[in-house]
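Just below is one structure, and these are the notes that go with it.
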Amino acid sequence: MQYLGTTDFDHGQPGRLGILITNLGTPDAPTPQALKPYLREFLSDPRVVEPPPARWLWKLILETMILTTRPKRSAEAYREIWGKMGPGSPLLDISHRQMEKLEAAIAPLVSGEVVFALGMRYGNPSIFSALERLRARNVQRLLVLPLYPQYAGATTGSTFDAVFDALKRWRWVPEVRTVNHYHDHPGYIEALAASIREYQAEHGTPDRLIFSYHGIPRRYWEGGDPYPCQCFTTTRLVREQLGLREDQVMTTFQSLFGKEEWVRPYTDETLKRLPGEGVKHVQVICPGFSADCLETIEEIDEENREYFMEAGGERYGYIPALNDRDDHIAALTAVLRQHLAGWPEAEGEVETPELLAARQQRARARGARR
């Protein structure tokens, strides 16, 4: 392996703090040609699809069946949402805004320069390219914030896989801290509650408030993945913050894939059933998504709306993701500050220009070029 390092290191350059913001990712364009490599990367991740022992069989199914049909269908769905919240993919556009606001929020709270980078687990900008930008800035302390409030092996765990796979190639590996989850952080819970209050102030109170999270196969949960438990905890904490009874809210799981059983109850089945039980007005929020994307805009706000209304529902509301709301940014800033504690930038102990100049002078005296 060829390790990545600096052959002309500047000894007068400070060791910087880097913050890597990550999310799932998006294709480069809403076309079948762009969707095929994106889906191949996504569905080839063993954290996402834990295949049977004969992994070659899953690869064969992926290449000969799924990737010959799904890119076209997915491209059609992406075209429906492309440009709705910026010039391109909503997830990527919102993620850029979130990072810019976090950078502005963190700057006055620390000393020294903090370098931010955005990396997507699948697609572009990749986690590898984001880490390369940080390496070029002499980042020696790295904090990784996956924008997944609830931990799941298929999201947060997979992100850490990609980060450490990239760092294995660095000659000088930085100190690393990772944010595992923030599903019960008070700022995050309050931001969710505030978004619900604001929506209901304009649209009224529903018969049922539904918290819909991305699903995972049930066997992942039974194998030790804490994700569903953390989803249920988020729902409970928001419900308590709003002062609602248990029978006024529901937790469901969406975005099923394949034929095996996933964690129940399923969002689509629930919305098809509720009108027959006398629930005619629902509002749906997706707390597991930090930014609106295909799974919220197309699947929840459009597809599942149709299921509910066709089954006899009368009013359906989708409460947007927290996106770049100020209270969401404040919550994420608090999460970052908590994990930065003890590092020089958080404690006001960064190297002074005088110390850097003295270090460079000593290095040159020993034969260093810079």
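Quick notes on this one:
- Helical mean residue ellipticity (222 nm; -39500 (n - 2.57) per DSSP H run of 4+; nearest 500) of the chain: -13000 deg cm²/dmol
- Prolate/oblate/rounded label for the stretch 186-319 (Cα gyration tensor, a/c 1.5): oblate
- Within the stretch 105-175, chymotrypsin sites (Phe, Trp or Tyr not before Pro) in DSSP loop having at most 16 other beta-carbon neighbours inside 10 Å: 172
- The chain: angle of helix 127-136 to the longest principal axis, Cα-based, in degrees nearest 10: 20 degrees
- Between the beta carbons of residue 247 and residue 168, assuming R0 = 51 Å, the FRET efficiency works out to 0.50 to the nearest 0.05.
- Taken along the Cα-to-beta-carbon direction at a fixed 7 Å, the label points for residue 96 and residue 113 span 2.2 nm.
- Using C-alpha pairs below 8 Å separated by at least 6 residues, the relative contact order for the chain is 23 percent.
- Within the stretch 211-370, DSSP assigns beta bridges of which about 10% are antiparallel (rounded to the nearest 5).
- The base-10 log of I(q)/I(0) for the chain, evaluated at q = 0.11, 0.12 Å⁻¹, reads -0.82, -0.96 [Debye formula, identical scatterers on Cα atoms, solvent excluded].
- Distance-filtered residues of the stretch 11-30 - backbone nitrogen under 15 Å, label point 7 angstrom along residue 355 Cα→Cβ: 12-17
- Residues of the stretch 328-370 with amide N under 13 Å of a point placed 7 Å along Cα→Cβ from residue 8: 369-370
- Summarising the label geometry, the points placed 7 Å from Cα in the beta-carbon direction at residue 177 and residue 45 lie 2.4 nm from one another.
- Once C-alpha pairs closer than 8 Å and six or more residues apart are averaged by separation and normalised to the residue number of the stretch 12-130, the relative contact order reads 45 percent.
- Entry note, the stretch 186-319: relative contact order of 32 percent, from Cα contacts under 8 Å with a spacing of 6+ residues.
Throughout, read-outs are computed from the coordinates displayed, never taken from laboratory work. Given the structure is predicted, the values throughout are model-derived calculations rather than measurements. Cβ atoms come from the backbone with ideal geometry, glycine included; neighbour counts cover every protein chain shown.
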